[in-house]
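Here the structure is laid out as structure tokens; the discussion comes afterwards.
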Amino acid sequence: QVQLLESGGELVQAGGSLRLSCSASGRTSEAFVMGWFRQAPEKEREFVAAVSRFGATIYSDSVKGRFTISRDNDKNTVSLQMTSLKPEDTAVYYCAAGSDFSSQRYQYDYWGSGTQVTVSS
């Protein structure tokens, strides 16, 4: 069993910054790929970013240059630093863990319950 718990979501103004965190517990592994997805109301879940055990990263085009994903294997945590936030970034953000370095939702095996990020204009 692996449990993921997100935190840090809140209301912020456009242009502001926010840092999301995800804490993993249970049968965790440093080999896990860690990712962030998001889902806006009435829209499908969208890939945001992923980081491998060695720190390699991938980002969606919509967040490149604005978001940074990082992990701390000793603490079993992964973070998403978001800057220059836009109203279109408003969504529920989900932390995920999987075995393959991928942007595909089906390749992640464990999911948190999400944290709400709202960016006002």
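The values are calculated or read from the model by the stated rules, or taken from the named source; none is laboratory data. Here the structure is a predicted model, which means the values were calculated and not measured. With ideal geometry, Cβ positions are generated from the backbone for all residues, glycine too; neighbour counts draw on all protein chains shown. What goes into the accessible areas is simple: the full protein's heavy atoms, side chains included, and nothing from ligands, DNA or RNA. Shrake-Rupley method; radii C 1.70, N 1.55, O 1.52, S 1.80 Å.
Using a probe radius of 1.4 angstrom, the carbon and sulfur fraction of the accessible surface of the chain is 44%.
Approximating the spin labels as points 7 Å out from Cα along Cα→Cβ, the residue 109-to-residue 77 distance works out to 2.5 nm.
For the chain, the relative contact order comes to 35 percent (Cα pairs under 8 Å, sequence separation of at least 6).
Separation of the range 3-30 from the range 38-95 is 9 Å, based on Cα centroids. Taking label positions 7 Å along the Cα-Cβ direction at both residue 19 and residue 118, the computed distance is 2.4 nm, reported to one decimal. Taking a straight Cα-Cα cut-off under 24 Å and skipping sequence neighbours fewer than 8 places away in the same chain, the lysines within cross-link reach of residue 86 are 43, 64.
Within straight-line reach of residue 75, meaning a Cα separation under 19 Å, sit the following aspartates and glutamates at least 8 residues removed in sequence or on another chain: 6, 30. Could you state, as a whole-number percent, how many of the C-alpha pairs of the range 1-54 are farther apart than 15 Å? Pairs farther apart than 15 Å: 63 percent.
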